[in-house]
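Only the coordinates and a few stated rules stand behind these numbers; no lab work does. Given the structure is predicted, the values throughout are model-derived calculations rather than measurements. Cβ atoms come from the backbone with ideal geometry, glycine included; neighbour counts cover every protein chain shown.
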Amino acid sequence: MATDADAEFSALVQRQSRFVFKVAYAVLLNSYDAEDAVQETFLKLYRNPGWQHAENERAYLARVAWRIAIDHKRRSSSSPAAVADPQALDLLASSRLGPHDTISEANQQAAVHALIDSLAEELRVPLVLSAFEELNSREIGEVLGIREGTVRTRLQRARQMLRQKLTSTKEIYHA
Amino acid sequence: MPERDELDRLIDSELASYAEPRAGLEQRVLARLEADGAWGSRIFLGWHRWAGAIAMAIALIIGLPRFTHRVTVNTAGESITNQQRIASAKDAAPDVHVRTRHLPRIAKSMRSARQIASGSAMRSENPQRPKLDIFPAPQPLSPQEQFLAELATHLPKAERERLLSGYNSQNAPLEISSIKISPITVPMLGKN
């Protein structure tokens, strides 16, 4: 029997599942583990409906999901290697890095995603959080328990590193 | 710097498509909630919490006055010594004392137990009396014990002493005469 509360929670799941998945994935770098973390997050939210009173629903969910993903990562014995997949870098090189090149779009996407995966977690998570739904630096800081200035610095560093990697990959290809 | 702008746009667009879940994530989340038995249980849980709180409140309302009353009685009773308690118990059960006043030692020990029993019985009837801290709770005299008590009370002194000496001799330590075991002798082989 679906109640109003259940309907409301169902709407929350529909609204935020993908976002929660992205937060979990940014930590775990594995789709299956991330989905487990999403399930755990929503189970926790269902049992403790604090999200209903949260000022910023998205930031609240991000914090819960991030903590669960961190716990999940600690629990799992095998942690993913934080290095770019060489195959993905080859794909990136062969894609010629043209944003308008529709033929190699899939390769390019996979390659850039691999580069994002290769970033250190402390840079990757703020970058991913900043990319979705306009979470600002202050909110990201609240989610991760760090200062707003630190978030900005990390975002800048993450983007800088990505640009460097993209540029060097391009140069290698053209050379 | 047009290249940088392009790279930024590329990063932004790829970040937007980064970490895409498999299709049907929402359905899987809801199905998992249902499978775990959590779905729909929140209302029940809320009702359960209320029921628990109400039950606890009722228990407190009923139990608190009794508890405070008992504490008051115990506090008052602490100033009374054990002898005073037994004496008050004696007053409460005069029939037992009349019969057991002149019992010999065996009967005395039983008497004190019965006194406590009568005190305990009175206490249960009247919860205002001080609580005797004796365990186990003594029982009233059995017909055999009552007969023995009557007998001991009405017997002449000489007979009572004879009975007591018989009882004492029963409790005297056992004496076992020394056993003599002679060494085993092995018969010579070939002789028979």
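Using a cut-off of 15 Å between beta-carbons, work out the net charge of the residues near B:PRO156 (Lys and Arg +1, Asp and Glu -1, B:PRO156 not included).
Net of charged neighbours comes to 0.
Arrange the following residues from fewest to most other Cβ atoms within 10 Å of their Cβ: B:MET56, A:MET161.
Lowest to highest Cβ neighbour count: B:MET56, A:MET161.
What is the range A:4-75 by shape, rounded, prolate or oblate, if you read a ≥ b ≥ c off the alpha carbon gyration tensor as root eigenvalues and call it rounded for a/c under 1.5, prolate for a/b larger than b/c, and oblate otherwise?
Since a/c reaches 1.5 and a/b is larger than b/c, the shape of the range A:4-75 is classed as prolate.
Under a Cβ-only charge scheme (Lys and Arg +1, Asp and Glu -1), can you give me the dipole magnitude of the range A:1-64 about the Cα centre, in debye to the nearest 20?
In debye, rounded to 20, the range A:1-64 gives about 200.
I want to check the label-to-label distance for B:TYR167 and A:ASN48. Put each point 7 Å from Cα in the C-beta direction and report it in nm to one decimal.
In this crude label model, B:TYR167 to A:ASN48 measures out at 7.0 nm.
Tally Lys/Arg at +1 and Asp/Glu at -1 over every other residue whose Cβ is under 14 Å from the Cβ of B:ARG28; what's the total?
Net of charged neighbours comes to -3.
Given 0.36 nm per residue, what is the gain on full extension from B:GLN27 to B:ALA57 after removing their alpha carbon distance, in nm?
6.6 nm
Which ³J(HN,Hα) values in Hz, rounded to whole numbers, follow from the phi angles of the range B:158-169 under the Karplus curve 6.51 cos²θ - 1.76 cosθ + 1.60, where θ = phi - 60° and Gly and Pro get x?
Listing the rounded values in order: 4, 5, 4, 5, 5, 4, 5, 5, x, 5, 5, 5 Hz.
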